[in-house]
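J.: Starting off with a structure, shown below.
The values are calculated or read from the model by the stated rules, or taken from the named source; none is laboratory data. The shown structure was predicted, so the numbers you read here are calculated from the model rather than taken from an experiment. Here the Cβ is made from the backbone with ideal geometry for all residues, glycine too, and neighbour counts use every protein chain on show. Heavy atoms of the whole protein, side chains included, go into the accessibility calculation; ligands, DNA and RNA do not. Shrake-Rupley method; radii C 1.70, N 1.55, O 1.52, S 1.80 Å.
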Amino acid sequence: CSCSRRRRADLRSIRTRMSTPAEVQQLIDASISTHVVDKDHVEAEAIDAIWILLGAVLVFLMQLGFGLLESGSIQSINSQSILFKNILDVSIVSIGWWAFGFSISTSTGNSFIGDGTNVFPDPGENYVPLFFNWAFAATSATIISGAVAGRMKLLAYLCSSTIMGWIIFPIVSHWAWATNGWLYEMGYIDFAGSSVVHLAGGVGALCGSILVGPRTLRFEYDYVQERWVDHKPKGHSAMIAFVGTMLLWMGWFGFNAGTTLGVSGGKYIVAATCLFNTSLATSSAVLSTVLFSRAFFGELSFWEVMNGLLAGLVAITAGCATCSAWGALLIGLLTGPTYKLSSTLMAKLRVDDPVDAVSVHGTCGILGVVLTAFFSNETRIKRAYGEEYIGEYDIGTQLGVQLLGCLVIAIFAATLVLAIFVPFKFLIPGGIRISDRDELVGQDYAYFGGYAYPDWEEMVRTAKVHDQRKSEIKRRKEKTLWKKLGELNRRVSQASNQRDKERNLSLLVRVKSKMNVHDGPRVSSVGSLPVNLAKRNSMRRGMDDSGGGLPKRGMDASGDTNKKRYLDDSAYGTNRLDDSEDGKEKKRLKPQSEVESPNIMSNQGSAGISPRSSPITSTNRRKGSNDVSEDLQRLEGMILQLQTKVMMLTAQSNVKVDAKKTLGYC
């Protein structure tokens with residue numbers, strides 16, 4: 001056939017060109033070696049692709065860890081909303097990353113941004129890096145959610161996470177990881193993203209926390225001690241947060257080791273270095289957090305231990321492939337105290353961050369990038385990045401490059417995030433924060449009509465509960481102000497010179513202006529009883545925590561068990577005098593603490609239900625009869641008890657009760 005004739009012609013041409021059999025054998029050996037090399041190359045590419053895809057799956061598993069950690073670290077009334085935000089983060093970032101995010105992060109275009117040649121890519125070889133970097137983009141968009149949990153509007157948050165995953169992360173990753181990025185060309189070392197992912201997300205969390213403000217009752221000013229008091233709410237489930245933390249630790253192995261982009265050609269050494277350095281730094285960070293908190297703060301918090309673990313993971317991410325084992329150990333040991341001090345500083349500055357995202361991702365991200373300059377060497381850098389990545393290594397020069405990269409990334413992320421949050425806060429109607437009622441009842445009930453835990457459906461925060469919480473907040477503030485007022489009055493009376501007296505008087509006037517004090521009666525939170533504000537606040541010491549209720553047994557209305565209190569104008573609005581046998585002797589009634597009823601309020605007659613007007617007390621008393629006087633006193637105690645019950649019923653049920661008619665019927 002023609003094919004056979006062609007092969008014979010080729011063989012004849014080879015014989016004519018080759019003068020010796022040795023040359024023929026050499027040609028055959030070259031063909032075989034080329035085939036073997038090509039086969040090994042194909043197999044190496046396949047193994048590297050499997051490694052990258054497996055790392056991407058582990059990084060995506062971190063979304064589950066973030067969801068569990070954040071939901072367990074906040075109040076249960078916001079659990080569903082935080083999980084809902086995590087789902088939306090991944091969904092929104094997926095569309096934008098496929099559309100144009102991946103195209104502006106690749107090694108195309110200029111040193112600032114890619115040229116967009118890979119927009120809407122079709123399936124092919126570039127799907128492997130596309131999928132891997134997509135998992136990183138979704139992670140960067142999730143960091144802000146925990147910092148603003150429970151108080152930021154959903155639309156404002158989604159806009160911030162969108163710009164984080166669509167614009168900030170693609171551009172910053174191009175700077176640091178693309179071969180033509182300006183930070184990459186300077187020799188910037190951030191192997192897996194301490195600054196590219198975590199610092200950018202931490203800066204966004206800081207901007208959001210400042211603009212949205214702290215949670216209600218988180219920070220309260222103590223006018224007596226003249227300092228701010230931090231009432232940090234605890235997370236509702238340490239178990240859920242622990243599971244999320246351990247999932248993040250496991251997913252971080254794919255985060256750091258997967259960035260080697262393969263295990264062939266000696267890359268397996270870099271991958272193993274990343275894995276062990278990650279575990280070593282994290283373990284030392286946990287121990288340093290425990291020891292530092294116990295030694296210098298005298299406390300031990302399981303929540304801080306988990307955050308210290310995450311801080312160690314964030315810090316080692318930059319130098320996991322270039323640091324020595326001792327360097328990884330020291331990075332972890334320095335991370336624990338740094339996280340604790342940063343978290344304390346945030347509380348001092350009254351920046352409310354429920355999951356400490358700013359301290360974990362922002363502060364410790366900077367720490368990891370800076371320390372990488374001290375614990376890396378030229379050999380490990382060239383093994384991780386390639387022989388041509390860096391010239392002669394100098395710690396001072398490298399430190400300057402690291403600091404410059406952190407500064408630029410932080411400014412760039414803050415600018416774009418503030419471009420979203422500032423208009424929402426100052427220009428868009430409704431602002432950036434949810435309403436007070438939605439915050440009190442929880443975003444789960446406000447958005448979804450129910451809570452994450454069905455057994456708690458009976459505890460729905462209705463308008464009544466909302467009013468009770470508001471009255472409790474008001475009660476706490478008034479109680480603090482009255483303490484301060486009493487302290488200032490004491491200082492004025494004990495002032496040794498005129499200067500101290502004038503200074504304390506000026507403070508006294510300021511406190512009174514805040515309290516809006518006036519001489520007339522005010523309406524208390526129990527029903528509609530007009531009482532003097534000072535007497536009402538002193539009465540609170542004998543009441544329960546809800547702001548209502550009765551004085552405790554054996555205690556008068558002012559909270560003093562030894563004080564003999566008479567029933568006079570301050571309690572009833574009219575003098576209560578018993579008629580004696582001669583009609584002139586004035587006899588006091590028993591103090592309220594001595595009445596047979598264990599619970600008597602201090603302002604029974606203030607509601608217009610004066611015992612003098614009741615049918616029993618207006619009865620003409622028989623003169624000269626001790627038995628009748630004792631019976632009348634006993635009946636008066638019963639009437640006071642009935643008045644108390646009627647007023648408590650009015651206050652608790654918000655139902656108008658005709659007290660006079662009720663007492664007359666009784």
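J.: Calculate, for region 229-284, the solvent-accessible area per residue in square angstrom, rolling a 1.4 angstrom probe over the heavy atoms of the protein chains.
T.: 40 Å²
J.: Next up: Using a simple spin-label model with points 7 Å from Cα along the Cα→Cβ vector, what separation in nm is obtained for D222 and L275?
T.: Inter-label distance under the simple model: 5.1 nm.
J.: What is the packing order of peptides 79-88, 264-273, 319-328, taking the mean over residues of other C-beta atoms within 10 Å and listing the highest first?
T.: 319-328, 79-88, 264-273
J.: Moving on to the next point. Tell me the carbon and sulfur percent of the accessible area for region 190-236, rounded to whole percent, probe radius 1.4 Å.
T.: 56 percent
J.: Let me ask something else. Report the full-extension gain for the segment I47 to E472: residue separation times 0.36 nm, less the Cα-Cα distance, to one decimal in nm.
T.: So the extension gain works out to 146.7 nm.
J.: Related question: Suppose R0 equals 30 Å; then what is the FRET efficiency for L345 and T179 from their Cβ-Cβ distance, rounded to the nearest 0.05?
T.: Working: r = 38 Å, r/R0 = 1.28.
That gives a FRET efficiency of 0.20.
J.: What ranking do 65-75, 107-117 get when scored by the average of other Cβ atoms within 10 Å per residue, highest first?
T.: The most tightly packed comes first, giving 65-75, 107-117.
J.: Probe radius 1.4 Å, ligands and nucleic acids ignored: give me the carbon and sulfur share of the accessible area of region 280-389 as a rounded percent. Don't skip to the end; give the middle numbers.
T.: Numbers: 2650 of 4060 Å².
Of all accessible area on region 280-389, carbon and sulfur atoms account for 65 percent.
J.: Where Lys and Arg each count +1 and Asp and Glu each count -1, what net charge lies around S103 among other residues with Cβ under 14 Å from its Cβ?
T.: Summing Lys/Arg as +1 and Asp/Glu as -1 gives -2.
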